[in-house]
């Protein structure tokens, strides 16, 4: 018995593997990955709380670590949301990946900025490298936000037609 392949849906070619079988395997994998990401986010949130309680001095070191860890948990949850949306809608969500990129770049900017303030002695080389990192990440944030704006504008233009 011949089945339509995924490529065959467009070209009318036939395949030995049924697309429904592949689709079901993909759905199972997406579901499993969603569960794994949820478990990882719970463990990361627990670790964040533990570090917040144990870090001394809490201000400013504990707060900076806490913000960094919380943003990491948010990144994991956004990735999980992207997997779930792909699982339920079957559509790749570009916006979610752009948002994840913005959060990750902002997290890095905050971490580098905090390390600059926390270090008592900074060499000129370290300071210049940190400023370069912050500048590059700022450019990344601007590029990703602009990409997000373009993606949403295109989608609004397509939906209004």
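The values are calculated or read from the model by the stated rules, or taken from the named source; none is laboratory data. It should be emphasised that the depicted structure is a prediction, and the values quoted were computed from it without experimental measurement. Neighbour counts run over all protein chains shown; Cβ positions are idealised from the backbone, glycine included.
Below, the figures for the structure above:
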| read-out | value |
| --- | --- |
| For residue 84: the one exception among (1) touching a residue at least 12 places away in the same chain (Cβ under 8 Å); (2) under 21 Å from residue 153 (Cα atoms) | (2) |
| Filter result for residue 75 (in a helix (DSSP H, G or I), outside the structural domain of residue 151 (by TED's automatic domain parsing) and out of contact with any helix residue (DSSP H, G or I) (no Cβ under 6 Å at 6 or more places or on another chain)) | no |
| Residue check for residue 50: more than 16 Å from the chain's Cα centre (by Cα), assigned by TED's automatic domain parsing to the domain that holds residue 25 and either under 30 Å from residue 27 (Cα atoms) or surrounded by 15 or more Cβ atoms within 10 Å (Cβ to Cβ) (or both) | no |
| Filter result for residue 107 (assigned by TED's automatic domain parsing to the domain that holds residue 132, surrounded by 16 or more Cβ atoms within 10 Å (Cβ to Cβ) and on the phi < 0 side of the Ramachandran plot) | yes |
| Residue check, residue 133 within 27 Å of residue 59 (Cα to Cα) and exposed (fewer than 10 other Cβ atoms within 10 Å of the Cβ) | no |
